[in-house]
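K.L.:
I'd like to ask you about the structure that follows.
The values are calculated or read from the model by the stated rules, or taken from the named source; none is laboratory data. Since we're looking at a predicted model, the values are computed, not measured. We place every Cβ from the backbone using ideal geometry, glycine too, and count neighbours over all the protein chains shown.
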């Protein structure tokens with residue numbers, strides 16, 4: 001994004017005044033609701049504020065996409081674009097490892113190829129898919145909160161817009177990657193699973209329920225055929241059934257959601273078997289064992305010499321951070337580098353200087369402190385409401401991804417292959433934002449702070465609007 005501010009400069013000068021006035025108008029509306037919120041934290045005020053935040057987010061996103069359009073960036077973006085050029089919709093795939101990225105399932109490349117064959121530049125075609133996917137993430141989460149009756153609550157609003165204000169989300173929306181599509185499909189899976197969980201299912205299934213079941217299966221199948229970590233979305237439908245369906249309806253909803261997962265797996269199985277298992281003997285191959293074989297062999301010998309020390313080092317701070325926070329340890333994968341990927345632009349993507357570097361460093365430590373505070377406040381949550389159930393779902397999904405990333409790093413211990421990239425943990429954004437919004441969810445349950453509830457909610461709104469504007473206008477990532 002360092003180059004992003006240079007693109008289309010003449011056009012930007014002509015449109016900047018209109019865009020700036022729109023952004024300022026939206027900020028005024030957001031902050032104009034502070035008065036009613038401060039005096040009486042009414043649901044109407046937060047509904048109005050949420051709509052204003054929606055307008056602000058869409059304006060900022062449009063501005064960002066305009067400035068970064070057709071500016072290629074991302075990890076291995078050349079390999080991704082190469083696959084878009086080479087792949088065909090109705091042709092047999094190339095033999096495995098002919099191209100650097102051909103071991104991935106094909107859906108993200110095939111979808112990006114549609115605008116490419118219609119004449120759009122190859123980088124822009126992938127960026128368009130990333131942007132649409134990230135907007136789907138937002139709209140799916142917003143619809144889920146609305147379905148659960150949470151969108152009018154301060155903590156839920158701060159949670160939702162905290163996700164889209166994060167540097168990693170902004171990077172996913174503008175870069176060349178597959179994770180944004182997986183995250184978008186995850187958001188759709190969550191919404192459809194909640195719809196199923198809230199539907200009263202009988203032995204005679206209605207047409208509307210049948211459509212939702214079909215859509216859930218199709219979305220899961222698309223996730224399975226986008227990237228290997230899309231398989232992890234299979235936990236969402238059964239988990240939603242367990243957490244959100246009524247006791248009288250739970251068994252039937254659990255059966256239906258499980259059938260959706262099984263159906264998607266059965267439909268994806270022929271591809272996985274024919275493409276991966278038949279020639280390689282594994283359903284989840286990796287190109288690092290081909291292109292980085294010697295490096296991985298040396299790293300595995302060192303790991304096997306003292307596995308305990310290796311695991312402890314994975315969870316320790318890398319020495320490279322003493323020189324510069326964005327310098328990752330290329331000798332071995334460390335989860336501290338994964339955390340900094342959420343907030344700091346890695347030197348692999350280009351140098352980060354000036355205000356952006358200072359702001360990102362501030363985010364690294366403040367977000368860690370905020371998440372720790374959120375964990376400490378979890379016992380204060382009410383045990384029988386949708387907000388708590390949603391938090392359980394997000395935290396479980398985040399822990400599952402974190403555990404499997406640690407396992408993947410243990411299996412592929414050479415740090416130079418970047419097995420610990422933060423984008424692999426994109427669903428963890430949901431967990432992080434939930435924890436950061438915790439103080440605003442439980443403030444009225446603490447007697448000492450109850451009188452200041454409206455003021456604390458107002459402070460959260462001001463911080464959120466500031467983060468949105470700073471992170472979208474300043475090239476943080």
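K.L.:
Against the definition (at pLDDT below 95 and over 26 Å from the mean Cα position of the chain (by Cα)), how does residue 257 come out, yes or no? Quick ask: steps written out before the conclusion?
P.N.:
On the way: at pLDDT below 95: yes; over 26 Å from the mean Cα position of the chain (by Cα): no.
It is false that residue 257 is at pLDDT below 95 and over 26 Å from the mean Cα position of the chain (by Cα).
K.L.:
Regarding region 357-379, can at least one residue be identified that is in a loop (DSSP other than H, G, I, E, B) and touching a helix residue (DSSP H, G or I) at 6+ places or on another chain (Cβ under 7 Å)? First the steps, then the outcome.
P.N.:
Within region 357-379, the first condition is being in a loop (DSSP other than H, G, I, E, B), and the residues that meet it are none.
The answer is no, given that none of the residues of region 357-379 is in a loop (DSSP other than H, G, I, E, B) and touching a helix residue (DSSP H, G or I) at 6+ places or on another chain (Cβ under 7 Å).
K.L.:
Could you give every pair whose Cβ atoms fall below 7 Å, whose first residue belongs to region 57-72 and is under 21 Å from residue 157 (Cβ atoms), and whose second residue is in a helix (DSSP H, G or I) and modelled with pLDDT under 85, counting only separations of at least 6 or pairs across chains?
P.N.:
Taking only residues 6 or more apart or on different chains, the pairs are 59/19; 59/22; 59/23; 59/26; 60/23.
K.L.:
Look at residue 410 and say whether it is in contact with a helix residue (DSSP H, G or I) (Cβ under 8 Å, 6 or more places away or on another chain), surrounded by fewer than 22 Cβ atoms within 10 Å (Cβ to Cβ) and free of Cβ contacts under 8 Å to residues at least 40 places away in the same chain. Outline the logic, then answer.
P.N.:
Details: in contact with a helix residue (DSSP H, G or I) (Cβ under 8 Å, 6 or more places away or on another chain): yes; surrounded by fewer than 22 Cβ atoms within 10 Å (Cβ to Cβ): yes; free of Cβ contacts under 8 Å to residues at least 40 places away in the same chain: no.
No; evaluated as a whole, the condition is false for this residue.
K.L.:
Just name the residue that is farthest from residue 329 (Cα to Cα) out of those in region 266-306 that are part of a helix (DSSP H, G or I) and touching a helix residue (DSSP H, G or I) at 6+ places or on another chain (Cβ under 7 Å). Give the steps one after another, and end with the answer.
P.N.:
Quick first cut of region 266-306, residues part of a helix (DSSP H, G or I) only: 266-280, 288-291, 293-305.
Then drop every residue that is not touching a helix residue (DSSP H, G or I) at 6+ places or on another chain (Cβ under 7 Å), which leaves 267-268, 288-289, 295-296, 303.
On the way: 267: 40, 268: 36, 288: 17, 289: 20, 295: 15, 296: 15, 303: 15 Å.
Looking at the filtered set, the residue picked out is 267.
K.L.:
Could you list, in sequence order, the residues of region 238-253 that are within 26 Å of the chain's Cα centre (by Cα) and part of a helix (DSSP H, G or I)?
P.N.:
So the first thing to find is which residues in region 238-253 are within 26 Å of the chain's Cα centre (by Cα), and the list is 238-245.
If the condition is that a residue be within 26 Å of the chain's Cα centre (by Cα) and part of a helix (DSSP H, G or I), then 238, 239, 240, 241, 242, 243, 244 are the ones that fit.
K.L.:
Is there a residue in region 150-163 that is touching a residue at least 60 places away in the same chain (Cβ under 8 Å) and under 21 Å from residue 223 (Cβ atoms)?
P.N.:
yes
K.L.:
Going by what's in this entry, would residue 376 be described as over 25 Å from residue 471 (Cβ atoms), under 25 Å from the mean Cα position of the chain (by Cα) and without any contact (Cβ under 8 Å) to a residue 40 or more places away in the chain?
P.N.:
Against the criterion (over 25 Å from residue 471 (Cβ atoms), under 25 Å from the mean Cα position of the chain (by Cα) and without any contact (Cβ under 8 Å) to a residue 40 or more places away in the chain), residue 376 qualifies.
K.L.:
Restricting to region 49-74, what's the tally of residues that are surrounded by fewer than 17 Cβ atoms within 10 Å (Cβ to Cβ) and part of a loop (DSSP other than H, G, I, E, B)?
P.N.:
Total meeting the criteria: 1.
K.L.:
Moving on to the next point. Out of (1) crowded, with 24+ Cβ neighbours inside 10 Å; (2) under 24 Å from residue 83 (Cα atoms); (3) at pLDDT below 95, what's the single condition that is false for residue 116?
P.N.:
Tallying (1) crowded, with 24+ Cβ neighbours inside 10 Å; (2) under 24 Å from residue 83 (Cα atoms); (3) at pLDDT below 95, residue 116 fails exactly one: (1).
K.L.:
Residues that are farther than 21 Å from residue 468 by Cα: list the helices (runs of 4 or more DSSP H) wholly contained in region 85-171 that include at least 2 such residues. Show your work before the answer.
P.N.:
Values: elements: 107-117, 122-147, 154-164.
Filter on region 85-171 gives 107-117, 122-147.
One line per residue, one yes/no per condition, for (1) part of a helix (DSSP H, G or I); (2) in contact with a helix residue (DSSP H, G or I) (Cβ under 6 Å, 6 or more places away or on another chain); (3) at negative phi; (4) touching a residue at least 60 places away in the same chain (Cβ under 8 Å):
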| site | (1), (2), (3), (4) |
| --- | --- |
| 182 | yes, yes, yes, yes |
| 189 | yes, yes, yes, no |
| 205 | no, no, yes, no |
| 208 | yes, no, yes, no |
| 211 | yes, no, yes, no |
| 214 | yes, no, yes, no |
| 222 | yes, yes, yes, yes |
| 236 | yes, yes, yes, yes |
